[in-house]
Each structure stands twice: as structure tokens, then as C-alpha cells.
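Just below is one structure, and these are the notes that go with it.
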Amino acid sequence: MRKPVIAGNWKLFKTKNEALALIEELAPQVKDVDNVEIIVAPVFTVLPSLVPATAGTNISLAAQDVFWEEEGAFTGEVSSRMLLDAGASHVIIGHSERRQYFGETEATVNKKTKAALAGALVPIMCIGETLDAREAGDTFKVLETQLKGGLEGLTASQFAPVIVAYEPVWAIGTGKTATDDQAQEAHAFIRGVLASLYGQETAGKTRILYGGSVKAENVKGLMSCADIDGALVGGASLKAATFAPIVRFRD
Ligand code: PGA
């Protein structure tokens, strides 16, 4: 059985005090939830302050990006070793906003994924097609290219901890969710590509999250799909009132 993951991507929101207030409100509302991995991803500067706030809770911390070198003359970057030091256990890699605004490619996603794994961080590797690609019938081609490019050179055992997030770009922050069937179709395809790379057993254990306008109202349907193992939540993760019910999708 794959343990579901519900991860909140706070993007460029929440100062330290705002983040602390959110954790203080969220933690008691989800403390009895077992068999779901709960993760929140604040901005880098807020990570260390959330370590004491999440200690003893069932909430883990993720960073939203990582650089591939461990240290050196790379002004403005943060390495996996530093993220681990700051309290992160996971890191989001290759989010579509990073691909769109910061020039990330399969090659950078690949280097970052390898660096995260080498630094003992669990990568949450994001892939997803744009609306143009979907309308052109290229969804599977894009997913396969992003997946294979991002994972290039990893053996099955190296890949094993990786969490994949399928986020159709047209569904992010737009209020347009993929239908359960559209999402399941993409997830099944992704698992098939993973099986071709790493074998059925490894692919069968990989958590594949859906992301794109996930909310309390649609999470149950998505989570009932055979190949959907969790959610990467943006907007609805910014308030305990909207995130807790997603974490509690089984209620
Ligand atoms: P959204 O964002 O839930 O606001 O659509 C999802 C994401 O970008 O990870």
C-alpha cells in the first residue's frame, strides 16, 4: 500500500509569523490523522522557525527548490545540505512556475533531483503539460519527456524515494481541476513510464501526487482514483480551514 501524501506548497507567501500562526492552527486539526504524510513547503527563510513549531507533530517540512552544487561561488543559491540543516526533509523540484519563470529544464531538474537524493532529501518532482500541449494531443509525450529527462541516470534504488507530482499547468491556480478521469489517465501513464524505467515493483510503490486547484470539494474524488496517491496543494494550503479538510480527505 502506498501511504498518501498531502503537501502544501506555500509558494511566495507567509512571513515567519504568518507561517507560525498557520502551523499553530493547523497542527491540532490534523494531529489525529494517521496514515497520511503531511508536508508543508514554506519559503527558505521560514524553514528554521518551523522546526520547533512542527516538532512532535505529524507535519514535515519541504523546501520549494534546491541548487545542485553542495557549496561554492553560486550567489543566491541554497544546497541540499543547507536545506537539511534548516530542517527540511523534502524538496519540491521542477515546479511549473520554476520552469516557466526561472528557465528550469529537464536537465536542471535532473541535477537538482540527484543533488536532493545525495543530500538525503526526498524530491517531489513536478511534471505537467500546458494547455497548448494538451490541446495538441501531446500530453503523454510531454509527461514522458519530463519524467525521463528529470530522472536520467538514476537507478531503481536511487529513484525509490522520489515522489512524483503530476500538475497540469492549465489547472494550477486557475480553479480548473482535471477531472478524476483525466487525472487518473495521466497518473496511470506516468506509472507505466516508471515501470518501463524501474520495473513494476518500484513503480507500484511510487507515490504520484496530483496538483492543480485541489480543494476539499474535489480531493475525495481524486483520491479515490487507483493511481492518485496524494495532492500537491497551492492556494488551499494557505489556510488551516481549507488545508485541514484536504488532509482529512478520508473523513
Ligand atoms: P494550486 O497550486 O493548488 O493553487 O492550483 C498547485 C501547485 O502549484 O502546486
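Please treat every number below as a calculation from the coordinates, not as lab data. Note that the structure is a prediction, hence the values are computed from the model and not measured. Virtual Cβ from ideal backbone geometry, glycine too; neighbours counted across all protein chains shown.
Answer with one residue from 52, 75, 36: the one whose Cα lies farthest towards the positive end of the charge dipole of the stretch 1-76, charges on Cβ with Lys, Arg +1 and Asp, Glu -1.
The listed residue farthest towards the positive side: 36.
Of the candidates 230, 137, 221, which one comes out as most mobile in a Gaussian network treatment of the chain with C-alpha springs shorter than 10 Å?
Highest fluctuation among the options: 137.
Normalised by the number of residues in the stretch 105-160, what is the relative contact order in percent for Cα pairs under 8 Å and 6+ residues apart?
For the stretch 105-160, the relative contact order is 46 percent.
Between exposed chymotrypsin sites (Phe, Trp or Tyr not before Pro) in the chain, where DSSP calls loop and at most 16 other Cβ atoms lie within 10 Å, what's the longest gap?
Within the chain, the longest run free of exposed chymotrypsin sites (Phe, Trp or Tyr not before Pro) spans 103-251.
List residues of the stretch 78-121, by number, whose backbone nitrogen lies under 19 Å from a label position 7 Å along Cα→C-beta of residue 136.
96-97, 99-101, 103-107
Net charge near residue 68: determine it from the other residues with C-beta under 10 Å of the C-beta of residue 68, scoring Lys and Arg +1 and Asp and Glu -1.
So the environment of residue 68 carries a net charge of 0.
Placing unit charges on C-beta atoms (Lys and Arg positive, Asp and Glu negative, everything else neutral), compute the dipole magnitude of the chain about its Cα centre in debye, rounded to 20.
Its charge dipole is roughly 300 debye.
Just need the relative contact order of the stretch 75-132 here, percent rounded to a whole number, with Cα pairs under 8 Å and 6+ apart.
Value for the stretch 75-132: 47 percent.
Excluding residues fewer than 8 places away in the same chain, name every one of the lysines whose C-alpha is closer than 28 Å to that of residue 239.
Here the lysines satisfying the reach criterion relative to residue 239 are 3, 11, 14, 16, 31, 176, 215, 220.
Using Cα pairs under 8 angstrom and six or more residues apart, how large is the relative contact order of the chain, in percent?
21
Looking only at Cα atoms, what is the convex hull volume of the stretch 146-251 per residue, in Å³?
Hull volume over Cα atoms, normalised by residue count, gives 102 Å³.
Compute, for the stretch 178-251, the length of the dipole vector about the Cα centre, with Cβ point charges of +1 (Lys, Arg) and -1 (Asp, Glu) only. Units Debye, rounded to 20.
Roughly 320 debye, rounded to the nearest 20.
Could you give P(r) for the stretch 1-74, binned at 10 Å from zero, as whole percent values over all Cα-Cα pairs?
Answer for the stretch 1-74: a P(r) of 17, 48, 26, 8, 1 percent.
Between 197, 12, 84, which gets the highest mean-square fluctuation from a Gaussian network model of the chain, Cα cutoff 10 Å?
Sorting by GNM fluctuation, first place goes to 12.
Round to a whole angstrom and tell me the spacing of the C-alpha centers of the stretch 70-102 and the stretch 210-251.
Each part's Cα centre sits 25 Å from the other's.
Rounded to two decimal places and with Rh computed the Kirkwood way over Cα pairs, what is Rg over Rh for the chain?
With Rg and the Kirkwood Rh in hand, the quotient comes to 0.94.
Using the alpha carbons of the stretch 26-161, what is the convex hull volume per residue in cubic angstrom, as a whole number?
142
Of 21, 122, 64, which is farthest along the charge dipole of the chain in the positive direction, counting Lys and Arg as +1 and Asp and Glu as -1 at C-beta?
21
Using a Gaussian network model of the chain whose springs link C-alpha atoms within less than 10 Å, name the residue from 165, 178, 62 with the highest mean-square fluctuation.
The residue with the greatest mean-square fluctuation here is 178.
Please work out the FRET efficiency for the pair residue 215 and residue 89, using the Cβ-Cβ distance as r and a Förster radius of 30 Å; give the result to the nearest 0.05.
After rounding to 0.05, the efficiency reads 0.75.
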